[in-house]
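FYI, it's all coordinate maths here, none of it is from the lab. Note that the coordinates shown come from a computational prediction; the quantities given were computed from them, not determined experimentally. In this analysis, Cβ positions are derived from the backbone assuming ideal geometry, glycine residues included, and neighbour counts consider all displayed protein chains.
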Amino acid sequence: MVAGKLPSTDLQQEANDRLLVEAAQKDPTMFAELYENNFERVYAFIARRVRNRAEAEDLTSEVFHKALANLPRYKWKGLPFVAWLLRIAANIIADRAKHSARENIVSEVPEAPENAEQQPALEDDENSAKLYRQVQLLPADQQRVIIMRFAEEKSIREIADELGRTEGAIKQLQFRGLQNLRTSLGKSDG
């Protein structure tokens, strides 16, 4: 690849982003597609830094709220639109850390990734965000079992006791949930 030149897929994405931004600046209802295209990267960026799912969800929402509110002032500078969103996210995280520090809560906020060496970590974060979204689409019982089993690291017995079900029922819900995730992730990856 020639230095300074983007691969054609990046050029297509940049052109698509630019058209979507211009459309959303004229009609804010068009912002939905920008949200869909960039949610996973923004959520992953935030989740990696705050390590608290509820806070990551709140901050992600705040990023898109601020982006929509400031979209009329956005000027295209040749950078991907997601770079602007990640800068908003970094500022929101920094503001939250300053606020927390005032309340005597020690918080460490790393800066936004600036180089290609951090790209694999960002891709892992994007995959985690994609998985999180797919778990949210599972039926409620399967979703709860998957979260308790893998996020909360509870045993089958603990989950069964907490949900008032048999261990066999919990194993079946886990199996079906994982099967549904494999299917949905296979479809989303093409």
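Brief remarks on what is shown
- For segment 151-190, the set of GluC sites (Glu not before Pro) satisfying both a DSSP loop assignment and a count of at most 14 other C-beta atoms within 10 Å is given as E152, E153.
- The slack between A54 and K77, meaning 0.36 nm per residue of separation minus the straight C-alpha distance, is 5.0 nm.
- Ranked V42, V145, criterion: other C-beta atoms within 10 Å, fewest first: V42, V145
- By the count of other C-beta atoms within 10 Å, a proxy for reagent exposure, L86, L163 are ordered fewest to most as L163, L86.
- Compactness index (Cα Rg / 2.2 N^0.38 Å), segment 137-190: 1.15
- Of the trypsin sites (Lys or Arg not before Pro) found in segment 3-96, the ones in coil according to DSSP and having at most 14 other Cβ atoms within 10 Å of their Cβ are K5, R51, K75, K77.
- Fewest-first ranking of D141, D17, D95, using other Cβ atoms within 10 Å as the exposure measure: D95, D141, D17
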